[in-house]
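Student: Handing you a structure now.
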Amino acid sequence: MTASVEPQHIVIVGAGFAGFETARRLLRHQRTSTEHPIRVTVISPNDFMLYTPLLPDVAGGLLDPRFVAVPLADSLRGAELIAGHVAAVDLSGRTLEVHNRAGAVETVRFDRLVLTPGSVTRLFDIPGLAEHALGLKTTTEALYLRDRLLEQLELAARETDSAIARARRTVVVVGASYAGAELTAQLRALADEVARQRHFDPQEVRFVLLDMADRVMPEVGEKLSDKVLEVLRSRGIDIRLGTTIDRLTNEVAELSDGTTVATHTVAWAAGVSANPLIESLGLPTEKGRLAVRADLSVPDHPDVFAAGDAAAVPDTTKSDRGAITPPTAQHAVRQGKVLARNVLASIGVGTSTDYRHNDLGLVVDLGPRFAVANPVGVHLSGYAAKAVTRAYHLFSLPRGANRMAVAAAYLGDAVYPRPLVSFGLVDKDEASFARSEGIPVSDGR
Ligand SMILES: Cc1cc2nc3c(=O)[nH]c(=O)nc-3n(C[C@H](O)[C@H](O)[C@H](O)COP(=O)(O)OP(=O)(O)OC[C@H]3O[C@@H](n4cnc5c(N)ncnc54)[C@H](O)[C@@H]3O)c2cc1C
């Protein structure tokens, strides 16, 4: 008679692109192998995996938030799911301190730890930013942005003071990388639809897009970047490069070019920084991301692995030895696959490998009838890019029901007007960076 082997407990922190993919792969092993039994636990504050690339579509009222939320209970069958956030990690004691939504604290033990808590919006020490700007990393933030714009346009319609009405009809977006550009394009499309249905000139709604860089979306290359600039400007968007916000109040944005813009809606999409949990570990970091080896293990902690936006993963495709992979979903998913393999290798199943992935390019949806994409180095724009972009997201969404819902919404958008509905379910406090993303924000900001 052989003694039964205790399952190895693998705990994954975070159910985003990297954590979700790691869990999926590990669960396949759990189902098919009896020789090396494992238990897989996923800890995440939400009971869904968020498909962030479609958040601008949620903010623009094109998609319902549930379409971009992939339920964990359905997709990760066999995993133990803990709805909570990890507040502290004891690496030597191999335990995690988990806080659930009711405030209860639970201690979770692990044999192997996978750290994939992602990133949070990168804030700068700009007066008023944390209080008055709105992010785009969570469904709460996306929904609040949508409702905010609809509410401001509604209030402007009844406003007798023309200066206040103009401020309510002005939107400032900071960050002209892909997320900020997509957001601006989607909010513009939403505002255009409001103007069409409520019979006013769409150009009365003013959009100002700012970035410190000297071009929009540098990540798609010069040619496509110029095309994006041209298309966004043709939609009446005031793009100011080499410019950011110096100070923000509830009613005014003071810009670094010395001008002021009266506005009640400022969206901040100026990059990300690693989840605050990483800093609390006290381990070496690079650009705030946890330093890992090319096999995604944490140096001196062979039982701990990390990937995605939270980890500084060496980019072995680059000749520059210090290069790390950029924080994208494309890398996070592929790192999740390697991570699962290497965690299994650490318990004696198969062999470990280094992470290596050549970037496949970006797809960027820029609202009605326009997108840009550079799949495997081929530069596309307009309808061709639109088709590639939408097909890519439908293919990448990891659940059939979500894919169907998104496809139906895209089809509906081609035939029917964009629905103008604001539920007002999210209040400003819930959408704040501190509450929505868990960013520690000092009072003085
Ligand atoms: C608006 C927007 C558009 C984007 N578009 C694209 C795109 O088109 N293409 C692309 O490649 N990338 C895109 N990205 C980037 C992409 O979303 C990230 O690179 C990707 O999500 C990183 O995956 P991750 O698994 O590291 O983190 P995430 O997907 O952010 O997942 C992190 C997980 O950890 C959880 N978590 C956080 N803290 C804790 C804690 N303390 N305890 C437990 N769980 C925790 C979170 O709730 C979440 O479930 C976009 C990002 C945004 C915001």
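Student: Could you work out how far apart the two model spin labels at L241 and R369 are, taking each label as a point 7 Å from the Cα in the direction of the beta carbon, and quote it in nm?
Tutor: 2.6 nm
Student: Measure off 7 Å from each Cα along the Cα-to-Cβ vector at T32 and A345, then give the distance between these two points in nanometres to one decimal.
Tutor: A separation of 1.8 nm, rounded to one decimal place.
Student: Further question on the same structure: Would you kindly state how much longer the chain becomes between H379 and A88 on full extension, computed as 0.36 nm times their sequence separation minus their alpha carbon distance, in nm to one decimal?
Tutor: 100.3 nm
Student: Ranked highest first by the average count of other Cβ atoms within 10 Å around their residues, in what order do 403-413, 114-124 fall?
Tutor: Highest mean packing first, the order is 114-124, 403-413.
Student: What is the Cα convex hull volume of segment 179-273 when expressed per residue in Å³?
Tutor: Enclosed volume per residue, from the Cα hull, is 109 Å³.
Student: What is the chain's relative contact order, in percent, from Cα pairs under 8 angstrom and six or more apart in sequence?
Tutor: 19 percent
Student: Shifting gears a bit: Viscosity 1.306 mPa s, temperature 10 °C: Stokes-Einstein D of segment 125-243 from its Kirkwood Cα radius, in µm² per second?
Tutor: Once the numbers are plugged in, D ends up at 105 µm²/s.
Student: Using 5 Å bins from zero, what percent of all Cα-Cα pairs in segment 330-389 falls into each bin?
Tutor: Reading upward from the zero bin: 4, 19, 17, 12, 12, 10, 9, 8, 6, 2, 0.
Student: Regarding segment 14-141, what's the average projected area of the Cα-atom convex hull, expressed in nm²?
Tutor: Mean projected area of the Cα convex hull: 10.1 nm².
Student: Also, quick follow-up: Calculate the dipole size of the chain relative to its Cα centre from +1 charges on Lys and Arg beta carbons and -1 charges on Asp and Glu beta carbons; express the result in debye to the nearest 20.
Tutor: 1240 debye
Student: Tilt of helix 139-158 relative to the longest C-alpha principal axis of the chain, in degrees (0 to 90, nearest 10)?
Tutor: Computed tilt is about 10 degrees.
Student: What does the charge add up to near V105, with Lys and Arg as +1, Asp and Glu as -1, over the other residues with Cβ less than 15 Å from its Cβ?
Tutor: -1
Student: Moving on to the next point. State the Cα centre-to-centre distance between segment 352-430 and segment 196-252 in whole Å.
Tutor: Using only Cα atoms to place each centre, the spacing works out to 20 Å.
Student: Average the reciprocal distances over every distinct pair of alpha-carbons in segment 1-82, invert the result, and give the Kirkwood radius in Å.
Tutor: About 14.1 Å, per the Kirkwood formula over Cα pairs.
Student: Another one. How big is the antiparallel share of DSSP beta bridges in the chain, given as a percent to the nearest 5?
Tutor: Percentage antiparallel, nearest 5: 50.
Student: Across 20 Å bins from the origin, how do the percents of Cα pairs in the chain run, short distances first?
Tutor: 25, 56, 18, 1, 0
Each reported figure results from applying straightforward, stated rules to the coordinates on display, with no laboratory input. Only a predicted model underlies this, so the values are computations on that prediction, with no experimental measurement involved. All Cβ positions, glycine included, derive from the backbone under ideal geometry; neighbour counts span all protein chains shown.
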